[in-house]
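The structure appears below as structure tokens.
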Amino acid sequence: MGRMNGNSQKDSALARWFQARAADGRKATRKTMIVALARKLLIAPWRLVTTGEAPQSVSLRAGGTWEEDATKLGIKFADS
């Protein structure tokens, strides 16, 4: 996950999975693994919604709204 900066999760299970499989350095393998990783990232929320199964190492919290979370992060919304 070479060019990601900031809040990237370099030690997450998915990052380790990707690095282990793309370690051979071949461009074709890396492209295939990027697609596989994208699929995993799409399937995780779908499983959470349909079966209630949360991905490993994810902690769910109760309460709050996305607006409150955005405000805490300093995101401002235009008045409509």
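None of the figures in this text is laboratory data; all of them are computed from the coordinates on show. Predicted model only: the values in this text are computed from it and were never measured.
Give, in nm to one decimal, the length gained when the segment between Gln19 and Leu48 is fully stretched (0.36 nm per residue of separation minus the Cα-Cα distance).
Details: separation 29, 0.36 × 29 = 10.44 nm, distance 2.49 nm.
That works out to 7.9 nm of additional length.
If the cut-off is a Cα-Cα distance under 17 Å, which aspartates and glutamates reach Lys76, setting aside same-chain residues fewer than 8 apart in sequence?
Here the aspartates and glutamates satisfying the reach criterion relative to Lys76 are Glu67, Glu68.
Show which lysines lie in cross-link reach of Lys10 when reach means a straight Cα distance below 20 angstrom and same-chain residues fewer than eight apart are skipped.
Answer for Lys10, where 20 Å is the Cα cut-off: Lys31, Lys40, listed by chain and number.
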